[in-house]
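See below for the structure under consideration.
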Amino acid sequence: MSAGAGGGDGGGAVAAARSREGSLDEDGFVPSALGTREHWDAVYERELQTFQEYGDTGEIWFGEESMNRLIRWLQKKKIPLDASVLDIGTGNGVFLVELAKFGFSNITGIDYSPSAIQLSGSIIKKEGLSNIKLKDLNLLKSCQHLSSALEADLETV
C-alpha cells in the first residue's frame, strides 16, 4: 500500500487532520490556541480582574489532587524544605502557595505571561507570604539551551 493511500505511516490521518482543523505546523501538529502566549495572557488578565474584584484565586489547572500528590511525593522522598523548587508555568501561583504553607522556603515560579506573574504576586501577597520569588520569563525563548537560560535568568530572581 502506498503512503498516499493512508498506509501505516498515518498519512491518511494527517491529511484528514489538516483538512479538518487547518494546516499543520512544521512539527506535524495542528496548532492550538492553548499554545499561544496571547491565549494565556487573556486568561490571566481575566483571572487577575476576577481576583481583584472577588478575591477568587482561579483554577488549579492540574487539579488539587495532582498538586497534593506532588507534595506527598516530595515529603516521601524527604526533599529538604530548603531545597530549590522551580515551578515552570506557575500560572496563578497556587502551587507555590501550597509549597510555602507546607514549609518549603526556596521556591520560585516562572511564567511567560506577565499577567500570570501579576496574579500570582497578588495571591502570594494576600496570603502574607514573602519567601516566594516570581519571574516573568519565557524559558523557551531566553536561550537556546535550557541550562544556560536557567543560569542567566534565574540568578537575578
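The residue that is nearest to the chain's Cα centre (by Cα), among those in segment 98-109 that are open to solvent by 40 Å² or more (accessible area, probe 1.4 Å) and not small (Gly, Ala, Ser), is Glu98. State which residue is most open to solvent (accessible area, probe 1.4 Å) when the search covers only segment 138-157 and only residues that are at pLDDT below 75 and touching a strand residue (DSSP E or B) at 6+ places or on another chain (Cβ under 9 Å). Among those residues, the one meeting the criterion is Thr156. Every listed requirement among (1) aliphatic (A, V, I, L, M); (2) in contact with a Gly (Cβ under 8 Å, 6 or more places away or on another chain); (3) surrounded by fewer than 16 Cβ atoms within 10 Å (Cβ to Cβ) is met by Ala42 save one, (2). Just a yes or no: is a residue in segment 95-102 of a type in the set (Gly, Ala, Ser) and outside any loop (DSSP other than H, G, I, E, B)? So far as segment 95-102 goes, yes, one or more of its residues are of a type in the set (Gly, Ala, Ser) and outside any loop (DSSP other than H, G, I, E, B). Of the set (1) touching a residue at least 40 places away in the same chain (Cβ under 8 Å); (2) hydroxyl-bearing (Ser, Thr, Tyr); (3) closer than 21 Å to Arg37 by Cβ, all apply to Ser120 but (1). In this structure, does Leu86 turn out to be in a strand (DSSP E or B) and either surrounded by fewer than 19 Cβ atoms within 10 Å (Cβ to Cβ) or modelled with pLDDT under 95 (or both)? Yes; evaluated as a whole, the condition is true for this residue.
Scanning segment 62-97 for residues that are of a type outside the set (A, V, I, L, M) and more than 16 Å from the chain's Cα centre (by Cα) gives Glu65, Asn68, Arg69, Arg72, Trp73, Gln75, Lys76, Lys77, Lys78, Pro80, Asp82, Ser84.
Scanning segment 120-137 for residues that are assigned to a loop (DSSP other than H, G, I, E, B) and aliphatic (A, V, I, L, M), we see that the one that is modelled with the highest pLDDT is Leu129. Checked against the criterion of being hydrophobic (A, V, I, L, M, F, W, C), in contact with a strand residue (DSSP E or B) (Cβ under 6 Å, 6 or more places away or on another chain) and part of a helix (DSSP H, G or I), the candidates Ile110, Ile71, Ile117 yield just one match: Ile117. Residues in segment 49-74 that are of a type in the set (S, T, N, Q), open to solvent by 80 Å² or more (accessible area, probe 1.4 Å) and free of Cβ contacts under 8 Å to residues at least 12 places away in the same chain: Gln49 only.
Any residue at all in segment 6-18 that's open to solvent by less than 30 Å² (accessible area, probe 1.4 Å), modelled with pLDDT of 95 or more, outside any loop (DSSP other than H, G, I, E, B) and out of contact with any strand residue (DSSP E or B) (no Cβ under 7 Å at 6 or more places or on another chain)? The answer is no, given that none of the residues of segment 6-18 is open to solvent by less than 30 Å² (accessible area, probe 1.4 Å), modelled with pLDDT of 95 or more, outside any loop (DSSP other than H, G, I, E, B) and out of contact with any strand residue (DSSP E or B) (no Cβ under 7 Å at 6 or more places or on another chain).
The values are calculated or read from the model by the stated rules, or taken from the named source; none is laboratory data. Predicted model only: the values in this text are computed from it and were never measured. For neighbour counting, all protein chains shown are included, and Cβ atoms are generated from backbone atoms with ideal geometry for every residue, glycine included. Accessible surface areas use protein heavy atoms only, side chains included; no ligands, DNA or RNA. Shrake-Rupley method; radii C 1.70, N 1.55, O 1.52, S 1.80 Å.
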